[in-house]
Amino acid sequence: MALPCARKSKRMERIVVLDFGGQYNQLIARRVREAGVYSELLPHTALIDQIRGEALSGVILTGGPDSVYAENAKTCDEAVFSLGAPVLGICYGMQYIAKVMGGTIRAADVREYGRTAVRMERHPLLDGLDSGIVWMNHNDSVSLCPPGFVPIASTDACPVAAFANDARRLYGIQFHAEVAHTPKGNLIFLNFLKNICGLKCDYTPAGLADSLIEEVRGKVGSARVLGALSGGVDSSVASVLVHRAVGERLTCIFVDHGLLRLNEAEEVLAFYRDKLNLNIISVDARRRFLDRLAGVTEPERKRKIIGEEFIRVFEEEAKKLGGAEWLLQGTIYPDIIESGTATGAKIKSHHNVGGLPETVGFKGIVEPLRMLFKDEVRALGESLGIAHGLVWRQPFPGPGLAIRVIGEITEDKLGILRKSDYILRSELAAAGLAQKVWQYFTVFTGIQTVGVMGDLRTYDYVIGVRAVTSTDAMTVEWAELPYPVLRRVSERIIGEVPHVNRVVYDITSKPPGTIEWE
Ligand code: GLN
């Protein structure tokens, strides 16, 4: 996968990231790029000549879902360990180095996910880092270092949380330095690149907006583009970008699928008309989406139906316009990796990737943001001059409320969900938290419990409240909302929304949870 705006030159510094199927692999490539070195993500099956390339300064082996002793566990050409370039393994990558070099790996007694306290030794790889918190996501760990390796970090449950073999320049970390939730994790990449690989780290990518606009022009030529606009950050930034590239040949479609939040369609359209100079057609498709979703309970089915129905609406609109050859989508990297790739496990089918139908009536799909993370998209949006309030809207999934009603979707349930969600949003805004918390919403759990209201027995629904903090959605923590805010939210939801008699707060991070419940 090529990185956005990557420019190669002779005798450059180059890091190869070998993909073993982890969720954070593109994030690793991004960290290396941010640290100032060109990097390429290659599959674990890459040939050694491809890895060596014109120049090779170091190799990073990513995490992955396998266990190293499993029958079909992913491997790479072991010649990477004798190319002379330093190798850093992360999580599965570390376990794989341990296995190849003669160490022992076993399923840990305590699986570690999320924030974990670590003790660090002094080592050039860990310069500037102190014992503290790192982000873990594993079931297995190295129980015995291979000969020639020494442990350089440990946690209570994981005696070898990092190891080093300085003579052979092979290193491993069990924790995920690439995620935003490992404080100063970027220093590990900088240390690996500077202290271990001895690099100058002087790579600077060209202006992102300019190179993306060029790329879109090159791809669509003089054809017309239909933009799928949800009102969210990604599709808005993608539309403004493509508008710069093709001008009036872009027409945006906003689909009301009946799964939007309270007042959302009106607010989004008003905002677009006032602030962005785009051609927008709004389509009322509420009935057809809800009809197709009737009786469907399985989360993946819901996502697939919505993905397909979106495409059918876009095809029809393209026809009405007398044809548009390209469909623009605001897909970003987390949508791609979570939908499953050749190596990465499928977590959920994002409507715009894994949820796409097999046949699509367009010549092709344009996705200028497909290699970017949310925070990069926001920075790009700011650089394009898009209003701050739009760029910092909280993320909202394409399938909308469909994946927040657990089980079958009905108008009644959607009504309850909308009201409770609106209360949560108003209370967070009143507390000044609307933009401090990454994402917050309510969930219609479908569970009924017994309560007592006004001395009478009730048997009504449980609403779940979810609020998380994050920088890129790859890892999140549940937000420590102030108790008084939670109390108000609970009192108001039960007091104002009929058929709700209990409110619970979701205290699960990602991993092991995901942000949405479905
Ligand atoms: N599957 C391995 C484990 O559970 C590695 C996990 C990872 O790389 N995130 O330990």
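Would you kindly derive the ³J(HN,Hα) couplings of the stretch 58-63 from the backbone phi angles with the Karplus curve 6.51 cos²θ - 1.76 cosθ + 1.60 (θ = phi - 60°), listing them in order in whole Hz, with x for Gly and Pro?
Working through the residues one at a time gives x, 10, 10, 9, 7, x Hz.
Under a 1.4 angstrom probe, counting protein chains only, how are ILE51, ILE365, ILE447 ranked by accessible area, largest first?
The ranking, largest first, comes out as ILE447, ILE365, ILE51.
Of the beta bridges DSSP finds with both residues in the chain, what % are antiparallel, to the nearest 5?
50 percent
Any idea what log10 I(q)/I(0) is at q = 0.15, 0.18, 0.28 Å⁻¹ for the stretch 85-153, Debye with uniform C-alpha scatterers and no solvent?
-0.53, -0.78, -1.41
For a distance above 14 Å, tell me the whole-number percent of Cα pairs in the stretch 234-276 that qualify.
Everything past 14 Å amounts to 56 percent.
Roughly how many nanometres apart are two label points built 7 Å out from the Cα toward the Cβ at ASN72 and ARG168?
2.9 nm
Arranged from highest to lowest average of other beta-carbon atoms within 10 Å per residue, in what order do the peptides 28-35, 219-226 appear?
Per-residue mean Cβ counts within 10 Å order the peptides as 28-35, 219-226.
Excluding residues on the same chain fewer than 8 positions from LYS510, give the lysines whose Cα lies under 21 Å from its Cα.
The qualifying lysines are LYS184, LYS346, LYS348, LYS374, LYS436.
Over all alpha-carbon pairs in the stretch 1-123, figure out the percentage whose distance exceeds 27 Å.
20 percent
Give me the percent of the accessible area of the chain that comes from carbon and sulfur atoms, probe 1.4 Å, all protein chains in place.
In the chain, the share of accessible area belonging to carbon and sulfur is 50 percent.
Give the Rg (one decimal place) followed by the Dmax (whole number) of the stretch 206-354, computed from C-alpha coordinates and expressed in Å.
Calculated on Cα positions, Rg and Dmax stand at 16.0, 50 Å.
When only alpha-carbon atoms are used, what values of Rg and Dmax, in angstrom, describe the stretch 152-212?
15.3, 48
In the P(r) worked out for the chain, what percent of Cα pairs fall beyond 35 Å?
Of the Cα pairs, 40 percent sit more than 35 Å apart.
Amide H to amide H, which residues 5 or more places from TYR505 or on other chains are under 5 Å from it, using H placed in the peptide plane?
VAL465
In whole Å, what is the distance between the alpha-carbon centres of the stretch 439-518 and the stretch 274-291?
Measuring centre to centre over Cα atoms gives 29 Å.
Taking only Cα atoms, what is the 0 to 90° angle, nearest 10, from helix 264-275's long axis to the longest principal axis of the chain?
The angle comes out at about 70 degrees.
How far, in degrees from 0 to 90, does helix 299-320 lean away from the longest principal axis of the Cα atoms of the chain, to the nearest 10?
Result, in degrees: 70.
For the stretch 51-95, state the semi-axes of the equivalent ellipsoid (square roots of 5 times the eigenvalues of the alpha-carbon gyration tensor), sorted largest first and rounded to whole angstrom.
22, 11, 8
For the stretch 209-226, what does the Karplus curve 6.51 cos²θ - 1.76 cosθ + 1.60, with θ = phi - 60°, yield as ³J(HN,Hα) per residue in whole Hz, taken in order and with x for Gly and Pro?
So the Karplus estimates, Gly and Pro as x, are 4, 4, 6, 5, 4, 4, 4, 5, 4, x, 6, 8, x, 9, 7, 9, 10, 9 Hz.
Would you calculate the separation in nanometres between label points at MET12 and ARG288, each defined as 7 Å from the Cα along the Cα-to-beta-carbon direction?
4.5 nm
Quick one: length gained pulling LEU262 to SER82 fully straight, 0.36 nm per residue minus the C-alpha distance?
Extra length available between LEU262 and SER82 comes to 58.8 nm.
Accessible area per residue of the chain at 1.4 Å probe, in Å²?
Normalised by residue count, the accessible surface of the chain is 41 Å².
For the stretch 126-283, rounded, prolate or oblate, judged on the Cα gyration tensor with a ≥ b ≥ c (square roots of eigenvalues), a/c < 1.5 rounded, else prolate if a/b > b/c?
Here the stretch 126-283 falls in the prolate category.
If you average 1/r across every pair of different Cα atoms in the stretch 336-408 and take the reciprocal, what Kirkwood value do you get, in Å?
Over the stretch 336-408, the inverse of the mean reciprocal pair distance is 14.7 Å.
On full extension of the chain, what length is gained from ILE280 through MET453, given 0.36 nm per residue of separation minus the C-alpha to C-alpha distance?
Gain on extension, ILE280 to MET453, equals 57.5 nm.
Within the stretch 460-477, name every residue whose backbone N is under 19 Å away from a label modeled 7 Å from Cα of GLU491 along the Cβ vector.
Once the point is set 7 Å along Cα→Cβ of GLU491, 463, 465 turn out to lie under 19 Å by backbone N, inside the stretch 460-477.
Which of the lysines could a cross-linker span from LYS99 if the Cα-Cα distance has to be under 22 Å and same-chain partners fewer than 8 positions apart are dropped?
Counting by Cα, and skipping residues close in sequence, LYS99 has these lysines nearby: LYS74.
May I ask you to derive the FRET efficiency for ALA430 and THR471 from their Cβ-Cβ distance with R0 = 35 Å, giving the value to the nearest 0.05?
With a Förster radius of 35 Å, E is 0.90.
What's the magnitude of the charge dipole for the chain around its Cα centre, counting Lys and Arg as +1 and Asp and Glu as -1 at the beta-carbon? Answer in Debye, nearest 20.
Charge dipole of the chain: 560 debye, to the nearest 20.
What distance in nm lies between label points placed 7 Å from Cα along the C-beta direction at ALA223 and THR359?
That separation, rounded to one decimal, is 1.8 nm.
Once you sort the root eigenvalues of the Cα gyration tensor of the stretch 299-341 as a ≥ b ≥ c, which label holds: rounded (a/c under 1.5), prolate (a/b larger than b/c) or oblate (the other case)?
Oblate is the answer for the stretch 299-341, as a/c is 1.5 or above yet b/c matches or exceeds a/b.
What is the local net charge at ARG292, summed over the other residues whose Cβ is closer than 11 Å to its Cβ (Lys, Arg +1; Asp, Glu -1)?
That works out to +3.
For the stretch 309-358, run through the trypsin sites (Lys or Arg not before Pro) and keep only the ones in DSSP coil with at most 14 other Cβ atoms within 10 Å of their Cβ.
LYS346
Do any GluC sites (Glu not before Pro) in the stretch 299-390 lie in a DSSP loop with no more than 13 other beta carbon atoms within 10 Å, and if so, which?
GLU358
Could you tell me how many degrees, from 0 to 90 and to the nearest 10, lie between the Cα long axis of helix 483-496 and the main elongation axis, the longest principal axis, of the Cα atoms of the chain?
In the chain, helix 483-496 runs at an angle near 30 degrees to the longest axis.
Taking the alpha-carbon distance from LYS419 and a cut-off under 19 Å, which aspartates and glutamates remain once sequence neighbours fewer than 8 residues away in the same chain are dropped?
ASP256, GLU264, GLU266, GLU267, GLU408, GLU411, GLU427, ASP460, GLU491, GLU496, ASP506, GLU516
Hey, got a sec? Which trypsin sites (Lys or Arg not before Pro) in the stretch 411-483 land in a DSSP loop and have at most 16 other Cβ atoms within 10 Å?
LYS436
Please state the relative contact order of the chain as a whole percent: Cα pairs under 8 Å, 6+ residues apart?
12 percent
Please report the antiparallel percentage of DSSP beta bridges with both residues in the stretch 182-295, rounded to the nearest 5.
0 percent
If you bin every alpha carbon distance in the stretch 336-488 into 5 Å steps from zero, what whole percent lands in each bin?
Calculated P(r), rounded to whole percents: 2, 7, 12, 16, 18, 17, 13, 7, 4, 2, 1, 0, 0.
The values are calculated or read from the model by the stated rules, or taken from the named source; none is laboratory data. Just so it is clear, the model here is predicted, and its values are computed rather than measured. Note that we place each Cβ from the backbone using ideal geometry, even for glycine, and neighbour counts take in every protein chain shown. In case anyone asks, the SASA skips ligands and DNA or RNA and just uses the protein heavy atoms, side chains included. Shrake-Rupley method; radii C 1.70, N 1.55, O 1.52, S 1.80 Å.
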